[in-house]
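Inspection log for the structure reproduced underneath, given as structure tokens.
The values are calculated or read from the model by the stated rules, or taken from the named source; none is laboratory data. Keep in mind the model is a prediction, meaning the values are calculated, not measured. With ligands, DNA and RNA removed, areas are computed over all heavy atoms of the protein, side chains included. Shrake-Rupley method; radii C 1.70, N 1.55, O 1.52, S 1.80 Å.
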Amino acid sequence: MMHINLFIFGCGHHRAAWRHPDSAVERVGDIRYFEQLAQTAERGKLDAVFFADGQSADNVTDGPRWFLEPLTALAAMSRATERIGLISTVSSTFYTPFHAARLVASLDHISQGRMGWNVVTSMFDAEARNHGFDAMPDHAWRYSRAEEFIDVVLRLWDSWGDDALQLNRQGAYANKNRVRPINHKGEHFRVDGPLTIPRPPQGHPVLFQAGASDQGRDLAARRAEAIYAVAYDLPSAQEYYRDIKQRVRAAGRSDAVPIMPGLVTYVGSTDAEARAKQRELDELLPSEDALRQLSLYIGQDCIGWDLDSAVPALPPLDQFAGPKGRYATVLRIIEAERPTLRQLLGRLAAGGGHCTMVGTPEGIADEMARWLLNEGADGFNLMPPSLPGGIDDFVDYVIPVLQRRGVFREDYDSYTLRGHLGLQRPGEAITS
């Protein structure tokens, strides 16, 4: 069965979505908006909703990115839902393990076992300067800290035995032999423990990661229980999928670790209607801002290029001196789709390098199933270009087709996120 998360992001993943007359831009500070998105996703029997997070307020004229802090929002959303999982990004560079362990464990208790945490190392100097750094620490330092961070959090969750609580009004609240310090002293952290909250209902809330670099892939393969990925098309998805599954096996783990590439969908009753929805958002994109962004991606000035003509020929990847990952994505889009410049800007504005499917519910469901059945994905991290319309369309029209195809659940058979993902609850560490 396919796994699907809803990736909630402001008014949608298209940079111009907030400009649309049907957008919810006036409501991005209203928790009821996010509760309703989660309820829609739950109505569609999705595995979880997911919040990314950022630690700086750059480009504030470019639309809403971060408003409500995700863990705070998920506390409210857990009370407005019953079954759907709840996942938040946690930065191992800016949080401490004790703080993160306590927050996420609290939410797992509040939601009765529906919490997941997406560990990131963060990227930008603007974020670092909000947390006491002059610049973002180097890549190796951040991954070393992330490894130790994850280890300490898991040990803190295991610092209480499952049966530690006695609740004896004439005796002890908890069995002191079932609650133990961890006495950790490492390169990055000193943490005595134990945690201030009993072991979470799931044992460990589900650990998500997104590893793109070689070091990131290795960390995800060794530690993650579910993995977010970026894949433009099925061949690139298959390369990542097979590489990660091999690394998971090499680490001595079961390869039953769901891999979920990002997916942008435009759903219409006909292909033409779906393309019209895509074009409508693309035409709301301020062209000068988008062209400046493209200039950074391709290393040349494109401000004067004609928006409705084909993209001029670009140098091959091996002749490009700048960051090659995004440039390679631009080249793939041009080669595969032959877009006009305006269409290219729209593709980059809605999900960047993530797969984009534009079409009828049947066509999108068939393509999703093709990825599932051909080692491209175990599911998808759904990135609607606009909200709430994009998730309404997907739940109302695509989900029923996936259910008829027999590749997506018709109802929940679990009350926990681990159950939805087919993951076992980890045993406790305290054995006496």
- line: GNM of the chain, Cα pairs under 10 angstrom: of Thr93, Thr340, Thr40, the biggest fluctuation goes to Thr340
field: Reach of Lys245 by Cα under 13 Å, taken over aspartates and glutamates that are not fewer than 8 positions away in the same chain
entry: Asp218, Glu225, Asp255, Glu375, Asp378
message: Give the aspartates and glutamates reachable from Lys176 as a straight Cα distance under 13 Å; neighbours fewer than 8 places away on the same chain don't count.
response: Asp162, Asp163
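Just want to confirm a number: the relative contact order over region 1-154, from Cα pairs under 8 angstrom separated by 6+ residues, in percent.
Reported relative contact order: 22 percent.
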query: In percent, what relative contact order does the chain have, based on Cα pairs under 8 Å that are 6 or more apart in sequence?
result: 24 percent
task: Could you please state how large a percent of the accessible area of region 123-224 is carbon and sulfur, counting protein chains only and using a 1.4 Å probe?
output: 48 percent
statement: Rounded to the nearest 10 Å², the accessible area of Phe51 using a 1.4 Å probe with every protein chain kept is 20 Å²
- prompt: Under the rule of -39500 (n - 2.57) per DSSP H run of 4 or more residues, summed and divided by the residues of the chain, what mean residue ellipticity at 222 nm is obtained, to the nearest 500 deg cm²/dmol?
  reply: -11500 deg cm²/dmol
Spherically averaged projected area in nm², based on the convex hull that wraps the Cα atoms of region 229-352: 9.5 nm²
Heavy atoms of Arg27 accessible to a 1.4 Å probe, total area in Å² rounded to 10: 80 Å²
query: Rank Asp163, Asp301, Asp282, Asp243 by accessible area, highest first, at a 1.4 Å probe radius?
result: Asp301, Asp163, Asp243, Asp282
field: Principal axis dimensions, largest first and in whole angstrom, of the chain by Cα
entry: 79, 49, 44
task: Using only protein heavy atoms and a 1.4 Å probe, report how much of His20 is accessible, in Å² to the nearest 10.
output: 30 Å²
query: Based only on Cα atoms, what Rg/Rh ratio does region 1-126 have, Rh being taken as Kirkwood's radius?
result: 0.96
query: Going from most exposed to least, what order do Ser213, Ser295 have by accessible area with a 1.4 Å probe?
result: Ser213, Ser295
message: Could you report the chain's accessible area per residue, 1.4 Å probe, as an integer in Å²?
response: 44 Å²
- line: Which residues qualify? For His3, with a placed amide H closer than 5 Å and at least 5 residues away or on another chain, they are Gly379, Phe380
- request: Using Cα centres only, tell me the gap between region 187-251 and region 262-277 in whole Å.
  value: 32 Å
statement: Taking only the Cα positions of region 289-378, the convex hull volume per residue in Å³ is 117 Å³
Solvent-accessible surface ranking, highest first, for Asp62, Asp318 at 1.4 angstrom: Asp318, Asp62
- request: With an 8 Å cut-off on Cα pairs and a minimum separation of 6 or more residues, tell me the relative contact order of region 56-121 in percent.
  value: 39 percent
- prompt: Hey, got the Cα dimensions of region 173-237 along the principal axes, in Å, largest first?
  reply: 55, 30, 14
Among Pro388, Pro21, Pro205, residue whose mean-square fluctuation peaks in a GNM of the chain (springs only between Cα atoms under 10 Å): Pro21
- request: Could you run the Karplus curve 6.51 cos²θ - 1.76 cosθ + 1.60 with θ = phi - 60° over region 256-266 and give me ³J(HN,Hα) per residue in whole Hz, x for Gly and Pro?
  value: 7, 10, x, 10, 10, x, x, 9, 9, 10, 10
query: Leaving out same-chain residues fewer than 8 places away, which aspartates and glutamates sit with a Cα under 20 Å from that of Lys185?
result: Glu147, Glu148, Asp151, Asp158
